[in-house]
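> Quick one: the structure is below, questions incoming.
None of the figures in this text is laboratory data; all of them are computed from the coordinates on show. Predicted, not measured: the structure shown is a model, and the values here were computed from it. Glycine gets a Cβ as well: all are built from the backbone with ideal geometry, and neighbour counts include every protein chain shown.
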Amino acid sequence: MSFRPSEASGEILSRAASSPSAPIVLISDTSFRYAHDDAGTGPDNPPTASTPTGTVPIMSESAVPSELALSHVNLTILPSETVMLCGQSGCGKTTVTRLINGLIPNFFHGSLTGSQTICGLGGDIETADDANNANMTAPVPIEALVPLVGSVFQNPKTQYFNADTTSELAFPCENIGMEPAAIRARVDDIAQRFNIGHLLDRSVFKLSGGEKQRLAVAAATMLHPRIIVMDEPTSNLDATAMRDLHDMVAALKRDGVTVVIAEHRLAWCADLIDRYVRCDGGTIAGEYTAAEFSALPPQQLESWGLRALDLTPYRAELRAKTGATGVAPADVPQSSATPSVELADATPSAKSLDASIAASASPVIDSASRHSSTLGTQQRPSIGNNAPIITTRNLVVGYRHAFRRDVADLALRGGEIVGLMGRNGAGKSTLVRTLCGLQKPLAGHVLLHGKPAKPAALTRAGFLVMQDVNYQLFADSAREELLLGLGDANDAIRQPIDLSSTTTSPATPRLHPATLGEQADRVLESLDLLPFAERHPMSLSGGQKQRLAIASAIMCGKELIVLDEPTSGLDRAHMMQVGALLRRLADEGRAVLVVTHDEELAALWCDRIIDLDGNGPTTNKENS
């Protein structure tokens, strides 16, 4: 489909450029409720998911049809401002970005009232949703907004239209009918502007996560838009990729482009933000200058469910947990470890989690906030003398003729949470797939309880929660997903966790199906998923799917639990919730390995860190 501007839209564009001093975004008394069949669909969530029984509309935590996604919102953004939209999941920040880039009401239908003016275009609007969307008339044609507002989504792969990078950059210009020579010049200019010349003429499928996001940003700027909207752009990026994205935003800011970022991670661009807009419950709960926001105490941000603005103390803790050789203070009794930094919401003890996991609607967050202490001083049992569940010997992982990494010997013990960190492409996912028996090693051995184990044995002992959980959701409801494989003959080898237990050894009783169902409901409740127990897993939002996969890991009761980026795209509240449940898994006697770029999660909840970039147990040897 081609968005070639019509004569009418050309007049609109001229009007948009004629008043550069006016607010570039003016949203007044705006309320919006998603239509039932559109809630949660979009660039990062396809409109429907195929299932054995047909298609299921995908819902979003921020788009419950019976509730207003936005309620009487007023927001003004000036030209050249860089604005951060922040708030907990479901607060409405993504919906605000969709108003700005025109996805509401051009793509997302529903009930919209109020006034929205973007780049001088728009005005009062009142639409009502119906089955045929007959009353949904956008005040500004989408082709008029395309050259004015560029969009960057959480998953860059969802906005690619071409198989190679150069064609992807050229695509927006081709769509508006630019001459080939002008397109080539524009591609070269953008590549030089953002220092991505080395990415040209490459397959988009062979880019790292950070490179994919840089390409998406560059493509969004090809039409020289006045506004760039970014929705959770760093959720899957490592520290190096976030620095690259920071530099791209800085270049946009220097060029006078208005940048609007909806984000959970606040630290990566704190020096670039002019104003923070805090969303809560579909409303604008507060607006702050950069100075005002940075002056807020960390405890205030935490009470709002926001991530840290300054990661310095977390990074100090990570250095202590990694150490020069990858041996962390957590390998000795916690009571004797010397804390390197004082953090507000340090890891709660296992006992303090019992009541909250069983009874609270947001089970761990309240408990965590009530148990502030110095990180590293909790009185937890020593794990240094625990017999390893998984060890490696002269292990080499990778793919023949493509990627190879030699991994120094490591040990994963029951009762500990180990963070596996490193840049995108360092081999983290390859290593954990090998440890779980999903991929054969190129050389060396993975040992299970001290004995060399074949992949089949490792698969029986371990559970991997994938980064893309869509690959491992199979049942017709969330409750059935947790029970899948746990009934009848499998009861003897897969034991669910008893969340009411305070023991430090794995639960072992054989449970009847009725008991398993009750256990599943308790696990769902502990992750705020019980209201969705009968929902099809593919109808859940991305964050809900992720928590459902973690719930499956809790139910399976295996000895090794591996999670690949479990907090990707999660706010602080859900990050703390996931961390506390990881603690529960470890305190039940399991070894927990977490692949993560999330420095807050790793500092607050991991007992030690393996750094695949050279500070942990790896020779850092790669061969092509």
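> Could you rank the peptides 230-241, 580-591, 68-79, 172-183 by their average count of other C-beta atoms within 10 Å per residue, with the highest value first? Walk me through the numbers on the way to the answer.
On the way: 230-241: 22.9, 580-591: 24.8, 68-79: 19.6, 172-183: 14.4.
Averaged packing, sorted descending, gives the order 580-591, 230-241, 68-79, 172-183.
> Work out how much length residue 195 to residue 312 would gain on full extension: take 0.36 nm times their residue separation and subtract the Cα-Cα distance, in nm to one decimal.
Working: separation 117, 0.36 × 117 = 42.12 nm, distance 2.79 nm.
Going from the current span to full extension adds 39.3 nm.
> Radius of gyration and Dmax for the range 138-266's Cα atoms, expressed in Å?
Using the Cα atoms of the range 138-266, the pair Rg, Dmax is 13.9, 41 Å.
> Follow-up question, since we're still on this one. Note the full-extension length gain between residue 443 and residue 72 as 0.36 nm times their separation in residues minus their Cα-Cα distance, in nm to one decimal.
Numbers: separation 371, 0.36 × 371 = 133.56 nm, distance 6.12 nm.
Full-extension gain reported as 127.4 nm.
> Next question. Mind giving me the nanometre distance, one decimal, between the label points for residue 162 and residue 142, set 7 Å out from Cα along Cα→Cβ?
2.1
> Now a separate question. For residue 459, put the label point 7 Å out on the Cα→Cβ axis and report which residues of the range 416-450 keep their amide N under 15 Å from it.
433-441
> Using 0.36 nm per residue of separation minus the Cα-Cα distance, give me the extension gain between residue 250 and residue 203 in nm, one decimal. Let's see the in-between values first.
Working: separation 47, 0.36 × 47 = 16.92 nm, distance 2.67 nm.
Fully extending the segment from residue 250 to residue 203 adds 14.3 nm.
> As a quick test, which of the pairs 206/440; 93/253; 157/253 have an alpha carbon distance above 29 angstrom in this structure?
Numbers: 206/440 22 Å; 93/253 21 Å; 157/253 25 Å.
Beyond 29 Å between Cα atoms: no listed pair.
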